[in-house]
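**Student:** Take a look at the following structure, please.
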Amino acid sequence: MNSSSADRRLYMLSRHLAGTISNEGSGISSSPTSAGNSVFGNVVRAPEDPILGVTVAYNKDPSPVKLNLGVGAYRTEEGKPLVLNVVRKAEHLLVNDRSRIKEYLPIVGLADFNKLSAKLILGSDSPAIQGNRVTTVQCLSGTGSLRVGAEFLAKHYYQRTIYIPNPTWGNHTKIFTLGGLTVKTYRYYDPVTRGLNIQGLLEDLNSAPSGSIVLLHACAHNPTGVDPTFDQWGQIRQLIRSKNLLPFFDSAYQGFASGNLDKDAESVRMFVSDGGECFIAQSYAKNMGLYGERVGALSIVCRNADVASRVESQLKLVIRPMYSSPPIHGASIVATILKDRNLYNEWTLELKAMADRIITMRKQLFDALSARGTPGNWTHIIKQIGMFTFTGLNTKQVAFMTKEFHIYMTSDGRISMAGLSSRTVPHLADAIHAAVTTVG
Amino acid sequence: MVHSAQHRADLFELGLMGKKERKFEETIKQVEKRSGAIFTHPNVGTYFFIIINFTLNKIKHQATCPDFSSGNRKPHRESDSVNLRSMALRTAITRRILGSSSAVHGSRSMSSWWKNVEPAPKDPILGVTEAFLADPSPDKVNVGVGAYRDDNGKPVVLECVREAERRIAGSMNMEYLPMGGSNKMVDETLKLAYGENSDLIKDKRIAAVQALSGTGACRLFADFQKRFSPDSHIYIPVPTWSNHHNIWRDANVPQRTFHYYHPETKGLDFASLMDDVKNAPKGSVFLLHACAHNPTGVDPTVEQWKEMSYQFKVKGHFAFFDMAYQGFASGDPEKDVQSIRIFLEDGHLIGCSQSYAKNMGLYGQRVGCLSLVCEDEKQAVAVKSQLQQIARPMYSNPPVHGALIVSTVLGNPDLKQLWLKEVKGMADRIIGMRSALRENIEKLGSPLSWEHITNQIGMFCYSGMTPEQVDRLTNEFHIYMTRNGRISMAGVTTGNVEYLAKAIHEVTKT
């Protein structure tokens, strides 16, 4: 120890005298971590996220008429983000409750929140819940729920392939891949009808290997807004069960699609009521406006209570090395609202108002395009469901709209209806009209 | 043909068994039900085995999974491959039998996919609190998890935090943060680690993102390390926070260890540590606790840190600092960060995980930061973008609330002053409890040396007690701590220190 102390002092001295780090004569070889040589020298800059990058580009644009129709975050008629009244009330209750502390949540999250979330998606009278067959863990919004589910599957399930619809939310592929699964697609959207390609869907799922995982958007498919009808869901369910495929629902828009929470959960409940197993990822980002709080839940419906309990214990082992336990704030807000009848009812009204405003925007955009005589069939604008419209515009047309009209949207032609207002609909209609008529 | 339990169940429920097989199957089911045994691959031999042993009442529980009850974290690989093989066999057979026929109606005929999922062992740290909560004894003491308690044993929300929450309540929206989190919060956090006037900050050479507390920051780094330094190992001190092993394992980064704790002296095994540093291949990645080592409370001295920094230079090692207790160790955040500053002064390009769980009491908010020092601004931009690529498929963007609290507290001079005062208060109370505990045990005439209680620093004391002694503390005295003998000093109060001392003396005096 003494000699290396001396070494060190000599080194410091020589460095001080030389003014720079000396490599000669001191016996110290050049260190990769000395200033000048980073171990991450080979790291190249990653491309912008295709969805979140839209907002980045939007923010940079100085134009006064710019319109952000990229990320699916709800906006009011005034174009402002919205914090729901019930959320403010809940926050107020929480802040003023001095007895509240901010200790670690359990790994699986806030117990109340978990129970209430399961009830919300499965129905409060769900036999699966009553039979203790459901394990629910709080996760970081939809993304986190999907990722935890994927990692659990990669560790404990024998099939490593998940089938996702084509197209789907841009982040799905990365989530499942990094979670350890192989991603394949099944046909979903029919560009000709701008509706569901049910035949293609059924064919592709039918040829999937038994036991494969299937990702299903519970409602308000992102990005297309095209949902199966109730009967079509029945067909899908039957096929999935007969092929022993494992359904994994992504429910990010419950209440946002039709304005009714129970109606938007029909697809999930249909699958659960046949007694089979499934995964469900829930998000409160949109329907409670809690975006940045990252609130969500992963529910795994199992065959029996014993299995559900073991599964829960293994979920903890996935979560602990990822972030130990989930954030408390958002989940507390949700629990406060869901467990109070008045707040819950108020929430359903605010939710319906948001869904209704979007439906109104759809109508207004459709009318505006009809009024301009914009070529093409635009009925899909009013037929599609949820926050997004898959316009059918191509990347060239989208780029044109961004450049000439300062309209920001994802390059697949998806627009967030939530970003529109009566004031901005004409501008968008003009842009679409121009794009369609001047750009091929 | 010998079938796995799963496959037998399938065939049974599908009605694809012959009469004889059905009867056999029903018998097996009954026996399983009454004995609790699980027959994984029964055949005719099993049948006779059952008859004989059932009559003799000798059926033991046939373990179908490795034993996790010891709390030993066994890798899942073993059982995984068994499950995979039997599952794969089952699929092949099932598929051949079922073909494309729709003989299966609904899913009532399928048993659970998760039948073979084993119950996971309880987390060694968080499981302690669960057990504590379940204990009805009025004397119970929780010195398990490292969450601060005041002298009444109550959790604390710092005043600066309450005030910050009051200021922000109702005024902010809840929009998504960028993938890299709150810039404001990250800026303030970097100042704490790198210094208010850091050139690295001025020159924008630090790639930094908001992370989910310390765990999240370590995990982002581990995933990043795997992606961009795929052949590297992580050198982890012995002992360390148990979750470190889980984090790098799940990131698929192979682990090696280096000497740290010296059980005889209950201090630092510096000689062996330096040997390990010297013997590690050039350019190895080391995990270092910046201050208040968890679980031992044993920190290198300033001189020792300087030695390490020098040797790291010689070997070209990469230093990744986990700093979860800045301010908590000495009470002075500037003092607690000296290890990092020493390395920075020597020109190391370090990585750093920071957490506000303890020093701002924001445990459940999950607020932290991961930073990596780069050669220049351009590289920092590139590295940050890649960190975001790792965050996006994990949770998209980090939670806003906790970050807002941090940036409000640190961004307002009055709140920041209050925070510094409160942090010092917490650290001082712990230092006081260390003295009290040591004095109380010594007063009882213990033959052992307890000076390590006051030599060690931070929230934890590595008592040196064995797992058996810890079990006695729990079973006889209702005192809860992790089985490695780690005492969370934050759980010690003037109210329970005597009781704790008495109990410790009881189980260690022989």
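The values are calculated or read from the model by the stated rules, or taken from the named source; none is laboratory data. Since the structure is predicted, the reported quantities are computational estimates derived from the model, not experimental observations. Positions of Cβ are backbone-derived with ideal geometry, glycine not excepted, and every protein chain shown enters the neighbour counts.
**Student:** Within the stretch B:465-510, can you find the residues that are surrounded by fewer than 17 Cβ atoms within 10 Å (Cβ to Cβ) and small (Gly, Ala, Ser)?
**Tutor:** The one that is surrounded by fewer than 17 Cβ atoms within 10 Å (Cβ to Cβ) and small (Gly, Ala, Ser): B:495.
**Student:** Would you confirm whether or not the stretch A:313-323 contains a residue that is of a type in the set (Ser, Thr, Tyr), in contact with a Phe, Trp or Tyr (Cβ under 8 Å, 6 or more places away or on another chain), over 30 Å from residue A:77 (Cβ atoms) and assigned by TED's automatic domain parsing to the domain that holds residue A:153? Outline the logic, then answer.
**Tutor:** So in the stretch A:313-323, the residues of a type in the set (Ser, Thr, Tyr) come out as A:313, A:323.
Within this subset, residues satisfying the condition of being in contact with a Phe, Trp or Tyr (Cβ under 8 Å, 6 or more places away or on another chain) are A:323.
Next, from what is left, pick out any that are over 30 Å from residue A:77 (Cβ atoms): A:323.
Filter once more, so that each one left must be assigned by TED's automatic domain parsing to the domain that holds residue A:153: A:323.
Within the stretch A:313-323 (the criterion being of a type in the set (Ser, Thr, Tyr), in contact with a Phe, Trp or Tyr (Cβ under 8 Å, 6 or more places away or on another chain), over 30 Å from residue A:77 (Cβ atoms) and assigned by TED's automatic domain parsing to the domain that holds residue A:153), the answer is yes, since at least one residue qualifies.
**Student:** Determine which single condition residue B:375 fails, assuming it passes every other condition in (1) buried (at least 24 other Cβ atoms within 10 Å of the Cβ); (2) assigned to a loop (DSSP other than H, G, I, E, B).
**Tutor:** Result: residue B:375 passes all but (1).
**Student:** Scan B:490, B:436 and give me the residue that is closer than 18 Å to residue B:295 by Cα, in contact (Cβ under 8 Å) with a residue 40 or more places away in the chain and part of a helix (DSSP H, G or I).
**Tutor:** On the way: B:436 fails: closer than 18 Å to residue B:295 by Cα.
That would be B:490, the only listed residue that is closer than 18 Å to residue B:295 by Cα, in contact (Cβ under 8 Å) with a residue 40 or more places away in the chain and part of a helix (DSSP H, G or I).
**Student:** Right, residue B:381: more than 7 Å from every other protein chain (Cβ to nearest Cβ) and either assigned to a helix (DSSP H, G or I) or farther than 21 Å from residue B:173 by Cβ (or both) or not? Steps first, please.
**Tutor:** On the way: more than 7 Å from every other protein chain (Cβ to nearest Cβ): no; either assigned to a helix (DSSP H, G or I) or farther than 21 Å from residue B:173 by Cβ (or both): yes.
No; evaluated as a whole, the condition is false for this residue.
Matching residues to (1) surrounded by 23 or more Cβ atoms within 10 Å (Cβ to Cβ); (2) under 26 Å from residue A:170 (Cα atoms):
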| position | (1), (2) |
| --- | --- |
| A:333 | yes, no |
| A:341 | no, no |
| A:348 | no, no |
| A:375 | no, no |
| A:380 | no, yes |
| A:389 | yes, yes |
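**Student:** Can you tell me which residues in the stretch B:178-193 are at pLDDT 95 or above, within 14 Å of chain A (Cβ to nearest Cβ) and in contact with a Ser or Thr (Cβ under 8 Å, 6 or more places away or on another chain)?
**Tutor:** Scanning the stretch B:178-193 gives B:182, B:184, B:185.
**Student:** The conditions are (1) at pLDDT 95 or above; (2) under 30 Å from residue B:399 (Cβ atoms), and residue A:222 fails exactly one of them. Which is it?
**Tutor:** Only one criterion is unmet by residue A:222, namely (1).
**Student:** Here's another thing I want to ask about it. Looking at this structure, is residue A:138 under 20 Å from residue A:261 (Cβ atoms), at pLDDT 95 or above and surrounded by 21 or more Cβ atoms within 10 Å (Cβ to Cβ)? Steps first, please.
**Tutor:** On the way: under 20 Å from residue A:261 (Cβ atoms): yes; at pLDDT 95 or above: yes; surrounded by 21 or more Cβ atoms within 10 Å (Cβ to Cβ): yes.
Yes: the conditions hold for residue A:138.
**Student:** Could you pull out the residue among B:453, B:431 that is within 25 Å of residue B:240 (Cα to Cα), surrounded by fewer than 21 Cβ atoms within 10 Å (Cβ to Cβ) and modelled with pLDDT of 95 or more? Working first, answer last.
**Tutor:** On the way: B:453 fails: surrounded by fewer than 21 Cβ atoms within 10 Å (Cβ to Cβ).
The conditions single out B:431.
**Student:** In this structure, does residue A:309 turn out to be within 24 Å of residue A:215 (Cα to Cα), of a type in the set (Ser, Thr, Tyr), at the interface with another protein chain (Cβ under 8 Å from one of its Cβ atoms) and touching a residue at least 24 places away in the same chain (Cβ under 8 Å)? Write out each step before concluding.
**Tutor:** Values: within 24 Å of residue A:215 (Cα to Cα): yes; of a type in the set (Ser, Thr, Tyr): yes; at the interface with another protein chain (Cβ under 8 Å from one of its Cβ atoms): yes; touching a residue at least 24 places away in the same chain (Cβ under 8 Å): yes.
Yes.
**Student:** Name the helices (runs of 4 or more DSSP H) wholly within the stretch B:297-354 that hold at least 3 residues that are under 21 Å from residue A:40 (Cα atoms) and among the hydrophobic types (A, V, I, L, M, F, W, C)?
**Tutor:** Numbers: elements: B:302-315, B:333-336, B:338-345.
Result: B:338-345.
**Student:** Inspect the stretch B:321-344 for any residue being more than 7 Å from chain A (Cβ to nearest Cβ) and without any contact (Cβ under 8 Å) to a residue 12 or more places away in the chain and give the result as yes or no. Break it down stepwise before answering.
**Tutor:** Here is the first cut: in the stretch B:321-344, the residues more than 7 Å from chain A (Cβ to nearest Cβ) are B:321-344.
Okay, now just the ones that are also without any contact (Cβ under 8 Å) to a residue 12 or more places away in the chain, so B:334-335.
Among the residues of the stretch B:321-344, at least one is more than 7 Å from chain A (Cβ to nearest Cβ) and without any contact (Cβ under 8 Å) to a residue 12 or more places away in the chain, which makes the answer yes.
**Student:** Would you mind stating whether residue B:200 is buried (at least 17 other Cβ atoms within 10 Å of the Cβ), within 13 Å of chain A (Cβ to nearest Cβ), in contact with a strand residue (DSSP E or B) (Cβ under 7 Å, 6 or more places away or on another chain) and in a helix (DSSP H, G or I)? Steps first, answer last, please.
**Tutor:** Values: buried (at least 17 other Cβ atoms within 10 Å of the Cβ): yes; within 13 Å of chain A (Cβ to nearest Cβ): yes; in contact with a strand residue (DSSP E or B) (Cβ under 7 Å, 6 or more places away or on another chain): yes; in a helix (DSSP H, G or I): yes.
Yes: the conditions hold for residue B:200.
**Student:** For residue B:353, all conditions in the list (1) buried (at least 24 other Cβ atoms within 10 Å of the Cβ); (2) within 17 Å of residue B:203 (Cβ to Cβ); (3) touching a residue at least 40 places away in the same chain (Cβ under 8 Å) hold save one; what is the number of the exception?
**Tutor:** Evaluating residue B:353 over (1) buried (at least 24 other Cβ atoms within 10 Å of the Cβ); (2) within 17 Å of residue B:203 (Cβ to Cβ); (3) touching a residue at least 40 places away in the same chain (Cβ under 8 Å) leaves (2) as the failure.
**Student:** Can you pull out the residues in the stretch A:327-341 that are facing another protein chain (nearest Cβ under 7 Å) and not in a helix (DSSP H, G or I)?
**Tutor:** Result: A:327, single match.
**Student:** Same structure, new question: Residue by residue through the stretch B:256-296, note down the ones that are basic (Lys, Arg) and part of a helix (DSSP H, G or I). Steps first, please.
**Tutor:** Narrowing the stretch B:256-296 to residues basic (Lys, Arg): B:256, B:266, B:278, B:282.
B:278 - this is the single residue of the stretch B:256-296 that is basic (Lys, Arg) and part of a helix (DSSP H, G or I).
**Student:** Now for a different question. Taking the residues in the stretch A:126-146 that are within 9 Å of another protein chain (Cβ to nearest Cβ) and hydroxyl-bearing (Ser, Thr, Tyr) as candidates, determine which candidate is farthest from residue B:223 (Cα to Cα).
**Tutor:** So, considering only residues that are within 9 Å of another protein chain (Cβ to nearest Cβ) and hydroxyl-bearing (Ser, Thr, Tyr), the one farthest from residue B:223 (Cα to Cα) is A:141.
**Student:** Next question, about the same structure. Any chance you could count how many residues in the stretch A:36-79 are at the interface with chain B (Cβ under 8 Å from one of its Cβ atoms) and of a type in the set (Gly, Ala, Ser)?
**Tutor:** Residues flagged as at the interface with chain B (Cβ under 8 Å from one of its Cβ atoms) and of a type in the set (Gly, Ala, Ser) within the stretch A:36-79 amount to 5.
Conditions tested, residue by residue: (1) more than 8 Å from chain B (Cβ to nearest Cβ); (2) out of contact with any strand residue (DSSP E or B) (no Cβ under 7 Å at 6 or more places or on another chain); (3) closer than 23 Å to residue A:352 by Cβ; (4) modelled with pLDDT under 95.
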site: A:81; (1), (2), (3), (4): no, no, yes, yes
site: A:91; (1), (2), (3), (4): no, yes, yes, yes
site: A:94; (1), (2), (3), (4): yes, yes, no, yes
site: A:99; (1), (2), (3), (4): yes, yes, no, yes
site: A:102; (1), (2), (3), (4): no, yes, no, yes
site: A:114; (1), (2), (3), (4): yes, no, no, no
site: A:117; (1), (2), (3), (4): yes, no, yes, no
site: A:120; (1), (2), (3), (4): yes, yes, yes, no
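**Student:** Please name all residue pairs, on different chains or six or more residues apart, with Cβ atoms under 6 Å, provided the first residue is in the stretch B:127-138 and is in a helix (DSSP H, G or I) and the second residue is of a type in the set (Ser, Thr, Tyr).
**Tutor:** So the pair list comes out as B:128/B:480; B:128/B:482; B:132/B:480.
Matching residues to (1) touching a residue at least 24 places away in the same chain (Cβ under 8 Å); (2) among the acidic types (Asp, Glu):
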| position | (1), (2) |
| --- | --- |
| A:346 | yes, yes |
| A:366 | no, no |
| A:390 | yes, no |
| A:430 | yes, yes |
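**Student:** Restricting attention to the stretch A:126-152, which residues are among the aliphatic types (A, V, I, L, M), farther than 13 Å from residue A:319 by Cα and in contact (Cβ under 8 Å) with a residue 40 or more places away in the chain?
**Tutor:** Keep residues of the stretch A:126-152 that are among the aliphatic types (A, V, I, L, M), which gives A:128-129, A:134, A:137, A:140, A:146, A:148, A:150.
Filter once more, so that each one left must be farther than 13 Å from residue A:319 by Cα: A:128-129, A:134.
Selection gives A:128, A:134.
**Student:** Starting from residues that are closer than 15 Å to residue A:245 by Cα and more than 14 Å from chain B (Cβ to nearest Cβ), keep the ones in the stretch A:147-181 and report whichever is surrounded by the most Cβ atoms within 10 Å (Cβ to Cβ).
**Tutor:** For the stretch A:147-181, the residue satisfying everything is A:165.
**Student:** With respect to the numbered conditions (1) outside any loop (DSSP other than H, G, I, E, B); (2) buried (at least 22 other Cβ atoms within 10 Å of the Cβ), which one is the sole condition not fulfilled by residue A:231?
**Tutor:** (2)
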